[in-house]
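The values are calculated or read from the model by the stated rules, or taken from the named source; none is laboratory data. Here the structure is a predicted model, which is why all the values come from computation and not from measurement. Quick reminder, even Gly has a Cβ in these numbers, built from the backbone with ideal geometry, and neighbours come from all protein chains shown.
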Amino acid sequence: MEQSSYRLLLRPRTPLHVASGEKTVIGIDSVIHYGKLYVVDVECTARIYAKLYGAEALLASNARAIDLFRRVLGRYRPGVLSCTPYRLVVGLRTRTPPRGAEVSLPQSTLVPGSSIKGALRTALLYALVDAEPREALERIRKGVSRIVPGQPRSLLGAADPVEQLLKGSKPHGRGRFIYDAARLLAVSDPLRHRASLGLYAFRTIHVNDGRPVSLEYVVALDPGAEIEYELRLYKPSYNTPVKQPWIKSLQEKDKTISIDTLLRGLALFSETQIASELERIGERFPRYKSFLEDLGKMRSRNCFPLRLGYGAGHASKTLLPWLRRRDPGLAKRLEELLSRHYGRVWDSLTDTFTDHNGSLLGVGWATLCIEER
C-alpha cells in the first residue's frame, strides 16, 4: 500500500481543552498553592512524608492527603525520590476557584491524533458535499426525513445518506463489512510539542442576551503552544478482480482521499466555521468579532483556522453550518427536529468563552498547518 507523509502543526490561538473524562476536586485531591494548581499524587506524597518525618509519623497521622502534601511541598527537593508529590502543576489563568470546585483535566497527549483526524474527516465531507451540492442536499433531505421526534432509534440512520459519500460495504462471510474510506487517512499522536498549560474558567453564555448559563474550570493549552503530528495518506492496491461491483464502488470512494481534496475541504470548513460564528455572535462581543476577522486572514493554502475540543459545539463536527448557507429552510427543519428530540433548544444559542487578556473570546480556536516532509 503506497503512502505519502505530511507534517501537521497545531497552534492554539485561544485556550484549547480536550477533556480526558478525569476531574480533580480542589480541597480533596488537588490544592491551590501560591497561585498554582497542584493535582496531588497521594502515593508519592506519603512516601516523601515518611522519608522526611519517619514512617511512624506517617502511620500516626490522620491528616488528609492534601494536608500531608502542604507539609511535604515546602521541604521537597527534586531528585530525592524517583517521584514527585504532584501529578500535574499549572498556573492560574483566572481568579482562584472556590474550595470544592471540580476541574476538568486534559488528555495525556494534550490534543490526541484522533481529535485531529475527526476534524480532517469532517473537512473531507465538506469538500465532497460542496463538489456536488444538489446531490448532497438530496442526501441530507433523505436523512432528515428519517428523524421521528420521540423515537431515539430514528436518529441512528439519519446521517447515513451523507456518510455514504465516504462509507461503503463489501462481502464478509455471510454478512457485509462496513468500509470507511477515511481509514486511508492516519494521524499520529503528538510527536513533539512546545506547550504550557493553565487553569481557566470556561463560561457558557447565551449569545443573544449575554446571560450566563454555566461555569466550568478546566486545565487547557495556553495560546502560543505548538504541537506536531504526522499525517499519512494511503493509496490501496486491489488484488480482487475490479469487475466486481463492490470493488468498483470502494475504489471510487478511495479516490476521494487525496491531499488536494483535503486542502480544499479544510479551506471551506475553516471559512464556514468562522462565518457561522460571526453570524451567531452578531455585535454583542466586538473584541471577539475583531479576533475572528483577524483569524480568518490567517487562512492560506496550507494553514487553516479551526475550532476544536471543548466548547466547539456542533459547528465543529457537522455539516450544519454549510447547510445553513445552502438551504436555510432545511437547516431550520433539522434544528427543530433535533430540539424536539432532545427536549431542549439546539446549542447554537449558547457559546463557550474565557477571559483572555481582558476580553471574552471563544475557546478552542487554533490554526492547523499541513506541510510536506
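Here are the numbers for this structure:
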| read-out | value |
| --- | --- |
| Lone qualifier among VAL144, VAL129 - being assigned by TED's automatic domain parsing to the domain that holds ALA331 and modelled with pLDDT under 95 | VAL144 |
| Cβ pairs under 6 Å, 6+ apart, first in region 156-176 and at pLDDT 80 or above, second among the aromatic types (Phe, Trp, Tyr) | GLY168/TYR179 |
| Residue ID - nearest to LEU263 (Cα to Cα), chosen from residues in region 353-369 that are part of a strand (DSSP E or B) and either modelled with pLDDT under 95 or aliphatic (A, V, I, L, M) (or both) | LEU368 |
| Residue among LEU120, LEU52, LEU59 that alone is outside any strand (DSSP E or B) and at pLDDT 85 or above | LEU120 |
| Filtered residues of region 55-93 (kept if under 29 Å from ASP355 (Cβ atoms), of a type in the set (Val, Ile, Thr) and surrounded by fewer than 18 Cβ atoms within 10 Å (Cβ to Cβ)) | VAL89 |
| Condition broken by ILE147, with the remaining ones in (1) within 24 Å of the chain's Cα centre (by Cα); (2) assigned to a loop (DSSP other than H, G, I, E, B); (3) surrounded by 14 or more Cβ atoms within 10 Å (Cβ to Cβ) satisfied | (1) |
| Residue that is modelled with the highest pLDDT [pool: residues in region 236-255 that are surrounded by 16 or more Cβ atoms within 10 Å (Cβ to Cβ) and in contact with a strand residue (DSSP E or B) (Cβ under 7 Å, 6 or more places away or on another chain)] | LYS253 |
| Options LEU292, LEU278, LEU268, LEU233: the member that is surrounded by 14 or more Cβ atoms within 10 Å (Cβ to Cβ) and not in a helix (DSSP H, G or I) | LEU233 |
| Test: residue in region 211-222 that is crowded, with 16+ Cβ neighbours inside 10 Å, of a type in the set (Gly, Ala, Ser) and touching a residue at least 24 places away in the same chain (Cβ under 8 Å) | yes |
| Pick from region 29-49, criterion in a helix (DSSP H, G or I) and not hydrophobic (A, V, I, L, M, F, W, C), ranking: surrounded by the most Cβ atoms within 10 Å (Cβ to Cβ) | THR45 |
| Selected residue (only one of PRO321, PRO305 is crowded, with 18+ Cβ neighbours inside 10 Å, in a helix (DSSP H, G or I) and either touching a residue at least 12 places away in the same chain (Cβ under 8 Å) or out of contact with any strand residue (DSSP E or B) (no Cβ under 7 Å at 6 or more places or on another chain) (or both)) | PRO321 |
